[in-house]
Amino acid sequence: MKTKERKEENKISRDLAENVKQVKSVFQDCSDVVYREIQLTEEIRGLLVYIEGIIKVEDVQQHILRPLIEGLDQQKEVGQDIYPLSFTRVSLSQAQATTDWPTVINGVLTANVAIFMEGMEEVLLFSVKGGSRRSVQEPQTEAVIRGPREGFTESLRINTALVRFKIKTEKLKLIDMVIGKMTKTDVAMAYIDGVAEEKLINDVKDRLESIDIDGILESGYIEEWIEDNPSSPFPQMQYSERPDSVAAQLLEGRIAIFVDGTPFVLIAPVTLWQLLQASEDYYERFFISNMIRWIRIFFLFLALFLPSLYIAVTTFHQDMLPSTLILSIAASREAIPFPALVEAFIMEISFEALREAGIRLPKTVGQAVSILGALVIGQAAVQAGIVSAPMVIVVSLTGIASFTIPRFSLAVTVRMLRFPIMLLASAFGLFGIVIGAIWIVVHLTQLKSFGVPYMNGVAPYDATDMKDIFSRVPMWKMNKRPSDATRGNVRRIGKTRPMGSDSNEGW
Amino acid sequence: MQAKLIQARALGVVLLLPLLLTGCWDRIEVNDVAFVLASATDMEQGEIRSTAQIALPSSLGGAGSQGGGGGTSGSKTYLMVSQTAPSPYQANKQIQAKLSRIINFSHRRVTIIGEEFARSGIGEGIDVLGRFPQNRLTTYVVLSRGPGYKLLDVEAPIEQSPSEMIRELAKSAMQDPVSIQSMTNTLLTEGIDLAIPVMSTTESVPEKVGNGQSLVKLDGLGIFHDDKLSGYLTAEQTPMALIAMGQALNPKLTIVMGDHHPQESASIVLNEIRRKLRPHLEEGEISFDLEVKANGLILENVTRQELQYTMMMPLEKHANEYLAKEMQAIINETLHKHRSDIFGLSTAFKNKYPAAWKKIKHRWHDKLPEVKVRVRANIHLENSGELMNSLGIREEYLNHD
């Protein structure tokens, strides 16, 4: 009985005055809600309700108000039933009629215009999404020399459209969800039907549906909620600002999660190797890509181990360096008051602080910070004999090395892991570094991202996956999709490309 | 979950505990290490004198030291410490007592064996060099005329420290310079003997030219019999001995042409030297065929030979005869006088006649004077340089000859 009453309460009343009272009490103290009374016919009055700012005011004026007012003028003789009339009069594509309050309120909150009519228990909702949103711009975080210059924006539909522009197949599926009890954030999960694995799709869907939180403000909320191992320092999902990156991952059978309000799209599952690939790897010729990729892998190790190697070698294994090198290191360390470990920590932490300050500070002040950093910490500290010159070289090389990693999330992980390894190196020398390295490798082999081993291709080994891990073979040689996400449908190239130029020279 | 947490905490404790063990660390900062650049071992009244040259990084002029004001010891970039003791290790231990920094031998570039020590036998003395892992096996070994510490105390302004100059010279002395590793191997291999480059001090210019600075120079080859120094080959003999050993590094020969013109000589440099040693055993007689093949080019020609017509044939012939004669003389001297097998004859013999070797190996050094070595040289002159005939040959002289 009680539930039925409540149901009654949830229904729209036929009485307009009652409805107006109701809607005004719901949106009490919401100054951005606009109520506009209209005359639909000479007898029937109505009320327009919308939230200012998130809708397109021009659309409301052009396609709702004007036809209604002009229509009133032309068609004075109408019956009692205004309902079909309103639909035909309003020239907007997305329209919906509802009879219960929650839908109406939800509709108003998600950029719909609600029209209440006298004597009708249905409310018409017209979608007039608008408001000012950033237009498509060049991605800030993933710059390339060669490749598309467009990046995702904060608007979900623009983002999905950017991908749809690239993948023109009906098999590109987008499953919409609303997550967040308060924010009601639109989330879309994209995959290519027939390429992505069924099990994976269901897994991601289940995990997304299990999210129970009041607000989703960025895709990071979702990432933390659904990742496999929250206590791992390694990122288990990739995020990207580039439609071409996302499209490429979709074509490899992975799943993209679009979140309204952020330009960063999540991609799952992910492997360590994928985080070392930049989109440009596939746009430049494979010689260049290979060289750059090797440099990247080499510098990954440098970023992780260089300060620890310096500490270990100078404090434990002085016999490992060439004589002239150890003598010049000894010469520059002669007046330094700190042990190598403390020196390294001072420099590494001030580097991290400089980097952080460089991001947070306004652009105009940023330059001052970099000058201060370079001059004060770089030069003055060496001249004052507080820090040795080789340590400055090591730290700056490490800093540069960490920025060669194309994914910021992995770069931060590497920079973070460097500190425990430095401690190990200062306690146990090279043995400590080996212990640290083994620790990391063991962790990586255990880690999984959505059921896919993090080092897939190397551990477990897969010969065809190796084509795109430590090297990048020419496009026409990569005839199979990576095995991590596509177990059934792997072939992506039809016939083998005819080799050599003689056969198709054309005369 | 609970177990995992406990595990993580236990790991954390295990990792943090070593930080408290300050006293047990092997950790030494670079500025607490005294790097030995070179050392010399000498014999003084039955005791070993060990001398070490230790780098002074503060006066090496590193960028970091400018603010610290470290360099107080004048211009010298090294410190010399010396001590006598019954054995080299004990001497080094006493040296350590004089130093505030921990002595480290891993960057010793070169070690010098003094003459007297060499004559008394180096076997026991260098035991520590081959045994203690911190001693770098690639440390070069050099012999000195007179006491070894004299070599370490030269000025050698051309390098940062005398050790560097000695090392560079030792490197240029032979194809495979004698290192602790090769010296140990030679001493441990039956039959063969050591030949170590000799160095002595010298002045950069004679007194009448000006104030010279003291330098080190290569001064022949020390020939060992077992582990005892038996004698020296002079600087002039050394290239021939090295060719016979197959160790020569671009030797330069000066060949005198014709008897009536002693000034008529040509200098050639040999490269790509290939040495062949063939042992023979005939009715108990041991003999060897030593054949040296080499390509050469002419550096200087003050002869009256017309190279452009004769294709350098006479010069090659003279060079072959000269080389064979000189090598024969040196081989005979080493075998007869020093009874030393620096040429690796025993290795070649052992490889070909293992059974016979077993019988004679204990008498090998006594048999050496009876061994015959037949030497043949085969030099091919490839190139006469930018010029053909000597500039000294005038056109009219050629016409009227």
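Laboratory data are not the source of any read-out in this text; all were calculated from the coordinates shown. Model, not experiment: these values are computed from the prediction. Please note: Cβ atoms are built from the backbone with ideal geometry, for glycine as well, and neighbour counts cover all protein chains shown.
Rounded, prolate or oblate: pick one for segment A:289-453, where a ≥ b ≥ c are the square roots of the eigenvalues of its C-alpha gyration tensor, a/c under 1.5 means rounded, and failing that, prolate if a/b is larger than b/c, else oblate. Oblate, because a/c is 1.5 or more while a/b does not exceed b/c.
Helices assigned as whole DSSP H runs in chain B whose Cα atoms extend at least 20 Å along their own long axis and whose mean Kyte-Doolittle hydropathy is 0.5 or higher are found at B:2-16. Of A:Lys171/A:Lys477; B:Lys217/B:Lys367; B:Lys217/B:Lys352, which ones are farther than 32 Å apart at the Cα? Checking Cα-Cα distances, B:Lys217/B:Lys367; B:Lys217/B:Lys352 exceed 32 Å. For segment A:156-270, averaging the sequence separation of C-alpha pairs within contact (under 8 Å, six or more residues apart) and dividing by the residue count gives a relative contact order of 31 percent.
For chain A, complete DSSP H runs whose alpha carbons reach 20 Å or more along their own long axis and whose mean Kyte-Doolittle score is 0.5 or higher are A:286-315, A:340-360, A:389-403, A:408-428, A:430-446.
Once you've got the Cα coordinates, tell me which of A:Lys56/A:Lys173; B:Lys150/B:Lys337; B:Lys276/B:Lys325 are over 24 Å apart. Violating the 24 Å limit, Cα to Cα: A:Lys56/A:Lys173; B:Lys150/B:Lys337.
With the convex hull drawn around the C-alpha atoms of chain A, the volume per residue stands at 247 Å³. For the protein assembly as shown, the share of DSSP beta bridges that are antiparallel, to the nearest 5, is 80%. When A:Ser13, A:Ser289 are arranged by Cβ crowding within 10 Å, least crowded first, meaning fewest neighbours, the order is A:Ser13, A:Ser289. A straight line joining the Cα centroids of segment A:417-439 and segment A:153-226 runs 40 Å. In a DSSP loop and with at most 15 other Cβ atoms within 10 Å, the chymotrypsin sites (Phe, Trp or Tyr not before Pro) in segment A:253-350 are A:Tyr283.
Highest mobility in the GNM of chain B, judged by mean-square fluctuation with C-alpha springs under 10 Å and restricted to B:Ile158, B:Ile113, B:Ile196, is found for B:Ile158.
The mean sequence distance of close C-alpha pairs (under 8 Å, at least 6 residues apart), as a share of the length of chain A, puts its relative contact order at 13 percent. With viscosity 1.567 mPa s and temperature 4 °C, the Kirkwood radius over alpha carbon pairs of segment A:90-175 converts through Stokes-Einstein to a diffusion coefficient of 81 µm²/s. Listed by Cβ neighbour count within 10 Å, with the fewest neighbours leading, A:Ile400, B:Ile28 appear as A:Ile400, B:Ile28.
Under the definition of partner shielding as Cβ atoms of other protein chains within 10 Å of a residue Cβ, what is the mean value for peptide A:316-328?
6
Straight Cα distances below 12 angstrom link A:Lys11 to the aspartates and glutamates A:Asp100, A:Glu121, A:Glu122, with same-chain residues fewer than 8 positions distant left out.
For the protein assembly as shown, the Kirkwood hydrodynamic radius from C-alpha pairs, put into Stokes-Einstein at 37 °C and a viscosity of 0.692 mPa s, yields a diffusion coefficient of 90 µm² per second.
Percent relative contact order of chain B, based on C-alpha pairs within less than 8 angstrom and at least six residues apart?
Answer for chain B is 12 percent.
How large is the translational diffusion coefficient of segment A:234-308 in µm² per second when you combine the Kirkwood radius over alpha carbon pairs with Stokes-Einstein at 4 °C and 1.567 mPa s? This corresponds to a translational diffusion coefficient of 94 µm²/s. Given axes a ≥ b ≥ c from the Cα gyration tensor, I'd like to know whether segment B:72-208 is rounded (a/c under 1.5), prolate (a/b larger than b/c) or oblate. Judged from the Cα gyration tensor, segment B:72-208 comes out oblate (a/c at least 1.5, b/c at or above a/b).
With a 10 Å cut-off around each Cβ of A:103-116, the average count of Cβ atoms from other chains is 0. Take each residue of peptide B:30-40, count the partner chain Cβ atoms within 10 Å of its Cβ, and average: the result is 4.
As a proxy for reagent exposure, ranking A:Met117, A:Met475 by other Cβ atoms within 10 Å from fewest up yields A:Met475, A:Met117. Calculated mean residue ellipticity at 222 nm for the protein assembly as shown: -11000 deg cm²/dmol, from DSSP H runs with n ≥ 4 weighted as -39500 (n - 2.57), summed, divided by the residue count and rounded to 500.
Decide, for chain B, between rounded, prolate and oblate: order the square roots of the alpha carbon gyration tensor eigenvalues as a ≥ b ≥ c, take rounded if a/c falls under 1.5, and otherwise choose prolate if a/b is larger than b/c, else oblate.
Cα axes put chain B in the prolate bin.
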